[in-house]
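Below is one structure, written out as structure tokens, with a few remarks after it.
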Amino acid sequence: MNFSLIFIFNNSNMFKYLTLLFTSILFAQTYPGDDVVRQGVRAFYNYETEEAIEILAQARNDSPENPTVHLTWAAARWLHNQANSSVEQTYIDLENDLNEVIPVYAALMVKYPHDPSYQLYLGSAKGLMARIYLGKKEWLNTLEWAYAGFRVIQKVEAEHPVIIDATLPIGIVEYYAGLSNVLIQWGASLLGLDPSRELGLEKIERAANEGPWAWIEAKGILSFLYLWVDVKPGKALEHSGKLVEEFPGNFYFRILYTESLIRSGKMNSALTSLNTLKKMYPDLTEIQKSWYYGYLQYEFGLFHFKEGKNDKALAYIYETVNNYSAELDIILANAWCLKGQLHDLKNDRKEAIDAYEACVELDNYSYTIDEAKSYLRTPFHN
């Protein structure tokens, strides 16, 4: 039971996706209050979290039997707290909010036993509780809550295949289990999953292309994967382009889009997007600025590297590796690898090796790790 879940918990780059397992399950069915909930969702994806919380709190009062509204409200409050409060306070508030909404879903399940949406949201809320214990490194509680939540999601997905959005969390777990070793794959099989990158990717793609709600997170995940794991920058550009079109205020989506442009060779558009990021940055909260400073410096460094301005690129990459504080280390790995490449081009092999080794130590399943290993054997050259 535990092995496939432990894989997710022990991989720091999967922290975000553990959350997605339990917050992106939204349905094609319509309920009173759906239009208002959509307004709240649009607000928080545009980083307008105070507005989102206000909209969703009112929707909870006006449409208390809407299955989406309660967990979405908790998620909006969590996103707001992450950007404005200490980690400890964020966990306290999220636990309190989940303790409030879990009994709501339990009661709605009793009242509407044949409606799978209430079952799935109850499972999602329980699963999100695991994220709190994950952050606290309380492993037993993490496993208990995550397993309880995931099994509900899995059951509903199996019994109600028309709920396309439910394929997203299943696809995520299957994909990342497929990346891992035989023991993890065996554990995933015990959960009734197919540990396959290809099949997992198909499910995520289906959610991105057909999911009435989960398409947002699915496209974000696919942009991430196509940039840094299964590298296909053209596909990353397709998905991230839709995200920035729909949510122009989302800094992270703009990062995905900008790197997709750079890696697709669309340098004029990339420069425009970089300047947009630069204009957006001052409007972030101080915590968000801390998260994204390293991301922003890296994107400028990558741009100048592709333009052949290596000294300028190296200055940005030094800023990245020396000031990186984001939770996900995927861009940090890319920065270390790029630093090594730039030092190789300067014939500074010792500095290059140090950078490649720093990249490899992150061991985060990105393609960059294999790149760095190859450059440890053979110096990079254009």
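Within the stretch 278-297, which residues have the backbone N less than 19 Å from the label spot 7 Å out from Leu271 along Cα→beta-carbon, could you tell me? Residues 278-280, 297 qualify, since their backbone N sits under 19 Å from the label point.
Between Gly220, Gly135, Gly211, the residue with the greatest mean-square fluctuation in the GNM of the chain (Cα pairs under 10 Å linked by springs) is Gly135. Neighbour counts of other Cβ atoms within 10 Å put Tyr147, Tyr176 in the fewest-to-most order Tyr147, Tyr176. Ordering Val156, Val87, Val162, Val173 from the fewest to the most neighbouring beta carbons within 10 Å gives Val162, Val87, Val156, Val173. As a proxy for reagent exposure, ranking Asp34, Asp348 by other Cβ atoms within 10 Å from fewest up yields Asp348, Asp34.
The alpha-carbon atoms of the chain, seen along their principal axes, cover 70, 45, 37 angstrom, with the largest extent given first.
For the chain, the 222 nm mean residue ellipticity estimated from helices alone, with every DSSP H stretch of n ≥ 4 adding -39500 (n - 2.57) and the total spread over all residues, rounds to -25000 deg cm²/dmol. In the elastic network of the chain, a GNM with C-alpha springs shorter than 10 Å, the most mobile of Ile153, Ile92, Ile287 is Ile92. In this structure, the amide hydrogen of Tyr112, modeled 1.01 Å from its nitrogen in the peptide plane, lies closer than 5 angstrom to no residue at least 5 positions away or on a different chain. In order along the stretch 220-233, the Karplus-derived 3J(HN,Hα) couplings, from 6.51 cos²θ - 1.76 cosθ + 1.60 at θ = phi - 60°, round to x, 5, 5, 4, 4, 5, 6, 7, 10, 10, 9, 6, 8, x Hz, and Gly and Pro are given as x.
Read-outs throughout are calculated quantities, based only on the coordinates presented, and are distinct from any laboratory measurement. Just so we're clear, the structure is a prediction, and the values are computed from it rather than from any experiment. Backbone-built Cβ (ideal geometry, glycine too); neighbour counts: all protein chains shown.
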